[in-house]
Amino acid sequence: MFPDKGGVRYARGMRALDRLLERWRDRRATRALERDARRRLAEIFADPSRLRGTSLRPEHRSRVMMVRHDVEAGRVARIFFTIIRHPRPYAFSKQIHEVLELWRLDVADGRLERVEGANLSRLRGSDGEPSTHGGGI
């Protein structure tokens, strides 16, 4: 009549409710960690001194996309994000590349590290030549 779960007697349907509440708590905790990761990432770009020593600038914040975050001991430990940049070989060059970069932010020490990069222009077979139709990227 009553299913038994570790010595606790449940009325019919209560296990389903218990599982539903557990999933809801897990999702809530996951969303809280994701909000924390996004907040920490925004803080890095809000302070130019924390970007010193990298090729990133505060105005790049609008191009950042968080890929994932690692959790250790219930706290955000590392944040991985990508950015598409358009570097030029020198300031007045008409050559424009499109580069996708993967970055890692170690939350504990605030260290940013470029993990990987791919030149999308070259992967498409272009060497960054300006468009023949006018306007750049």
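Structure data summary
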{"item": "For region 12-115, average projected area of the Cα convex hull in nm²", "result": "8.7"}
{"item": "Segment Arg27-Glu43, extension gain: residue separation times 0.36 nm, minus the distance between their alpha carbons", "result": "3.3 nm"}
{"item": "Length gained when the stretch Met14-Arg61 is fully extended (0.36 nm per residue, less Cα-Cα span)", "result": "12.3 nm"}
{"item": "Karplus 3J(HN,Hα) series, Hz, for region 68-76 with 6.51 cos²θ - 1.76 cosθ + 1.60 (x for Gly, Pro)", "result": "6, 9, 9, 10, 10, 6, x, 10, 5"}
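Any read-out appearing in this document is the output of simple, stated calculations on the displayed coordinates, not a laboratory observation. Bear in mind the structure is a predicted one, so any value in this text is a computation, not a measurement.
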